[in-house]
Structure formats: structure tokens, C-alpha cells
Amino acid sequence: DAEITQSPRHKITETGRQVTLACHQTWNHNNMFWYRQDLGHGLRLIHYSYGVQDTNKGEVSDGYSVSRSNTEDLPLTLESAASSQTSVYFCASNSGGNQPQHFGDGTRLSIL
Amino acid sequence: GQQVMQIPQYQHVQEGEDFTTYCNSSTTLSNIQWYKQRPGGHPVFLIQLVKSGEVKKQKRLTFQFGEAKKNSSLHITATQTTDVGTYFCAGAVPNDYKLSFGAGTTVTVRA
């Protein structure tokens, strides 16, 4: 069965370090999204991609970057981790347009 | 930018009772989607509404999209313990495929 996987599931790191969260989907979806989830804020869009070599900023993109070199992967990089980036991160994908999004299991990131 | 507001943030329900969660957008939407997230889990798609005034049902869940396509509601009848979780609405504006999520309604059920 097709799926979307995130790794690692949990990570603890220190402020100032570079961190990369992986997202891999086997749906062959064009669209991929990264969200962060914080209490009281729901899901906020960080970055998104509509295809290979396409990346776009979401509403909370500062301090994050993504790259899309193939259809399956959209890694999320925190260039210099800050304590304010402690959160649960979800990756999602869909086949295009306003189709339903399929979410990964999330990565819980703690920055000390 | 587009904002989607969702109320209430928390809903404590006696098993067997009904409740409703509401979603309002500052702009007209092309469609609205509803997701459910169980505790410790990830959001899972429930339904999508596209047409003005549309009503859809899934067993005990009734979803509505307002006439002006700016608001939506989810009504659950005869709440069960399996309904526990956080329900999110998410809207997209015309010609844009990004979703703007509401803050969610977290539902707990008293047996």
C-alpha cells in the first residue's frame, strides 16, 4: 500500500544546530506540504511544493527551508534551530488541486 | 491573509449527547475539508464540501457548508467514546490549493 513516512519520529537537539526532518511518500503525489502543530494554533503551513524543483513559502516559513529533487521526498531543514521551533511537525501530500491530504505520523522535535 | 476560525476550542460531552463545532472564514472559500486527529495520531481526512449550502452525512456526523461559502459546521449526534479527538476544518480560497486550518475542536467524552 502507498504511504507517507516521516523520520525521525522523535528528536531532541540543541539551539543553533541544523536539523533535517525527512518526508517520503509512495503515492506518487505531486503536492507535498509541511505543517507544524502547536497547542491553540492548529496546523500551520511552513512550506509546500507542487512538483519537482518547485517550493513555496507558507505562513510560518522563517527559519525553515525545503528542497524537492524528486517526487517522493520533501525534506524540511531548520538552518539554526531555535527553542521556538519546538513543535510537532507533519508532512502531507495529495494528488493535486484540492484533493484530500494524506498525513504522515509526525515528528516530535524538542530544541533545548 | 486568509484566516479560518474554529469554535469551540474544547468540547466536553456526555456520552449520548449531541454537539456542534463551527468554522468561519474571513474570505469566500472554494471548498472546505474536515479532518479528525485521534490523541497521539495524525489528521485523517473526513469529508470535503464544495457547493454553497451543501450538506453531507457520514453516519452520526453531519457537515454543512454555508450559503456564502464562508462558514461550515460539523454536528455529531449521540456522541460515542470513539468520537474522542480533535476535529479540524480547513479551507482553500479559489485558485489556490493551500489549506488554511482552523485551531481545532478537541472533544472529550464522559461515559
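The set of residues in region A:66-111 that are polar (S, T, N, Q), over 14 Å from the mean Cα position of the chain (by Cα) and more than 14 Å from chain B (Cβ to nearest Cβ) comprises A:S69, A:N70, A:T71, A:S80, A:S83, A:S84, A:S110.
Scanning region B:31-76 for residues that are in a loop (DSSP other than H, G, I, E, B) and surrounded by fewer than 16 Cβ atoms within 10 Å (Cβ to Cβ) returns B:R38, B:P39, B:G40, B:G41, B:V50, B:K51, B:S52, B:G53, B:K59, B:R60, B:E67, B:A68. For region A:58-65, the condition of being surrounded by fewer than 20 Cβ atoms within 10 Å (Cβ to Cβ), more than 14 Å from chain B (Cβ to nearest Cβ), acidic (D, E) and in contact with a strand residue (DSSP E or B) (Cβ under 6 Å, 6 or more places away or on another chain) holds for none of the residues.
Just wondering, is there one or more residues in region B:88-111 that are surrounded by 12 or more Cβ atoms within 10 Å (Cβ to Cβ), farther than 26 Å from A:Y35 by Cβ, charged (D, E, K, R) and away from chain A (no Cβ under 14 Å)? No, that holds for no residue.
Identify, from the list A:T55, A:T20, A:T13, A:T77, the residue that is more than 18 Å from B:H42 (Cα to Cα) and in contact with a Pro (Cβ under 8 Å, 6 or more places away or on another chain). Being more than 18 Å from B:H42 (Cα to Cα) and in contact with a Pro (Cβ under 8 Å, 6 or more places away or on another chain) holds for just one of A:T55, A:T20, A:T13, A:T77, which is A:T20.
Yes or no: region B:7-24 includes at least one residue that is touching a residue at least 24 places away in the same chain (Cβ under 8 Å), closer than 29 Å to A:T5 by Cβ and part of a loop (DSSP other than H, G, I, E, B). No, every residue in region B:7-24 fails to be touching a residue at least 24 places away in the same chain (Cβ under 8 Å), closer than 29 Å to A:T5 by Cβ and part of a loop (DSSP other than H, G, I, E, B).
From the list B:Q58, B:Q64, B:Q48, B:Q80, which residue is farther than 20 Å from B:V13 by Cβ and either modelled with pLDDT of 95 or more or of a type outside the set (K, R) (or both)? Explain how you work it out, then say what you get.
On the way: B:Q58 fails: farther than 20 Å from B:V13 by Cβ; B:Q64 fails: farther than 20 Å from B:V13 by Cβ; B:Q80 fails: farther than 20 Å from B:V13 by Cβ.
The unique qualifying residue is B:Q48.
Among the residues of region B:85-99, the one identified as at pLDDT 95 or above and among the polar types (S, T, N, Q) is B:T86.
Return the residues of region A:35-61 that are part of a loop (DSSP other than H, G, I, E, B) and either among the polar types (S, T, N, Q) or farther than 12 Å from B:L99 by Cα (or both); say none if nothing qualifies. Quick ask: steps written out before the conclusion?
Taking region A:35-61 and keeping what is part of a loop (DSSP other than H, G, I, E, B), we get A:39-41, A:52-53, A:58-61.
Answer for region A:35-61, where residues must be part of a loop (DSSP other than H, G, I, E, B) and either among the polar types (S, T, N, Q) or farther than 12 Å from B:L99 by Cα (or both): A:L39, A:G40, A:H41, A:V52, A:Q53, A:V60, A:S61.
If you go through region A:66-78 and keep only what is among the aliphatic types (A, V, I, L, M) and either exposed (fewer than 15 other Cβ atoms within 10 Å of the Cβ) or touching a residue at least 40 places away in the same chain (Cβ under 8 Å) (or both), you end up with A:L74, A:L76, A:L78. Can you give me the number of residues within region A:36-65 that are hydrophobic (A, V, I, L, M, F, W, C), farther than 14 Å from A:S93 by Cα and within 14 Å of the chain's Cα centre (by Cα)? Final tally of qualifying residues: 2. When restricted to residues that are free of Cβ contacts under 8 Å to residues at least 40 places away in the same chain and away from chain A (no Cβ under 12 Å), region B:27-52 contains 2. Each residue in region B:4-26 was checked for being within 11 Å of chain A (Cβ to nearest Cβ) and either surrounded by fewer than 18 Cβ atoms within 10 Å (Cβ to Cβ) or among the acidic types (D, E) (or both), and 3 pass.
The values are calculated or read from the model by the stated rules, or taken from the named source; none is laboratory data. Because the structure is a prediction, the values reported are computed rather than measured. Ideal geometry is used to build each Cβ from the backbone, glycine not excepted, and the neighbour counts take in all protein chains shown.
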